[in-house]
1. How far, in nm, would the chain grow between THR52 and LYS93 when pulled straight, counting 0.36 nm per residue and subtracting the alpha carbon separation?
2. Output the pairs from LYS100/LYS120; LYS100/LYS124; LYS97/LYS120; LYS81/LYS120; LYS97/LYS124; LYS23/LYS93 with a Cα-Cα distance over 18 Å in this structure; if there are none, say none.
3. Name the long-range amide H neighbours of GLY89: under 5 Å, sequence gap of 5 or more, or other chain; modelled H, no Pro or chain starts.
4. Quick one: what are the phi-derived ³J(HN,Hα) couplings along segment 81-95, Karplus 6.51/-1.76/1.60 with θ = phi - 60°, whole Hz, x for glycine and proline?
Amino acid sequence: RKEKKDFTVSFQDIDQTNLLLKKAGISPDSLSNYTPEQLTKVLGVEGIISGTLTSDKPMSEGAAVAVGVLTGFYGHTNSGKCTINIHDGPSGKLMWKYEKSLSRGLGSNINTIINTIMNKASRKFPYEK
């Protein structure tokens, strides 16, 4: 979305972020062991954007068809949930939080669900000019 909109903040390149984390001995698996204040010092930034994205396939297409034929209700075959947080660096205070869950039925795929969630999140991002 950055190509289409102007923001009042700038974003650190992901390659630079990964390099700085690696130099500090911080692996992706250990990120949750650090506070936003600690990470901003390591990265030399004023704030941290973090989040989670999970996907699930609660029911296969075949099971959804079978349940639909038996009950008339076609269950969700793909779902996803996204949480995005922005923390102020010096204080560690949570400045913004976005949560969105989305489920779709027959014929859906997880990539479409993830793209839809992320498009919705980008429209809500608070630092747009």
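1. Values: separation 41, 0.36 × 41 = 14.76 nm, distance 1.83 nm.
Roughly 12.9 nm would be gained on extension.
2. Values: LYS100/LYS120 8 Å; LYS100/LYS124 11 Å; LYS97/LYS120 13 Å; LYS81/LYS120 12 Å; LYS97/LYS124 10 Å; LYS23/LYS93 26 Å.
LYS23/LYS93, as the Cα separations exceed 18 Å there.
3. Sorted by chain and number, the residues that satisfy this are GLY47, ILE48.
4. Values per residue, Gly and Pro as x: 9, 10, 10, 10, 10, 10, 10, 5, x, x, 9, x, 5, 6, 9 Hz.
Readers should treat all values here as calculations from the given coordinates under stated rules, not as data from a laboratory. Owing to the predicted nature of the structure, the values given are computational and were not obtained by experimental measurement.
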